[in-house]
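The structure under discussion appears below in the form of structure tokens.
Only the coordinates and a few stated rules stand behind these numbers; no lab work does. These figures come from a predicted structure and were not determined experimentally. Cβ placement follows ideal geometry from the backbone for every residue including glycine, while neighbour counts extend to all protein chains displayed.
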Amino acid sequence: MKKYNKHDNKFEFSERLRQSITKHSIPISPTILCKNFNQHHHGDNISIQTASNWLSGVSVPNQDKLQTLANWLSVDIHWLRFGNDVPVNHIPPLSTEQQNLVKNFALLSPIHQKIVLDLVNSLVETY
């Protein structure tokens with residue numbers, strides 16, 4: 001049986017994943033992670049074993065699954081995958097119009113927020 005190194009990037013990913021899940025008051029459970037992830041992901045479903053592997057530091061999800069986790073848990077994808085040591089592109093200050101957009105977005109229901117996020121992500125992918 002392989003012994004996991006606490007400084008291994010897979011283990012560190014699992015720690016950040018657990019931290020993000022806990023912040024949403026979701027129990028740390030492969031079954032619960034699997035169910036919630038599959039509700040948010042538009043691709044193939046994951047198995048409970050896959051969720052367990054992510055939580056225990058055995059494996060790291062591929063990019064599309066990582067993006068789903070980041071969106072669902074409202075965290076930066078680069079932080080989730082690599083931690084704080086990875087430089088993230090600098091985001092310029094928001095204009096007044098952009099600030100109003102963010103405020104209005106926050107007023108939407110979770111379902112409508114998801115629709116807007118899906119639309120924006122789709123537009124960004126085709127750009």
Inset, instruction - Sort Thr68, Thr126 so that the residue with the fewest other Cβ atoms within 10 Å of its own Cβ comes first and the one with the most comes last. - result: Thr126, Thr68
Legend entry - Within the chain: Cβ-based charge dipole about Cα centre, in debye rounded to nearest 20 (Lys, Arg +1; Asp, Glu -1): 500
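For the chain, what is the calculated [θ] at 222 nm in deg cm²/dmol (nearest 500), taking -39500 (n - 2.57) for each run of four or more DSSP H residues and dividing by its residue count? Before the final figure, lay out each step's value.
Numbers: 7 runs with 81 residues, N = 127.
Result for the chain: -19500 deg cm²/dmol, rounded to the nearest 500.
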Legend entry - Nearest-0.05 FRET efficiency for His40 and Asp8, computed from C-beta distance (R0 25 Å): 0.40
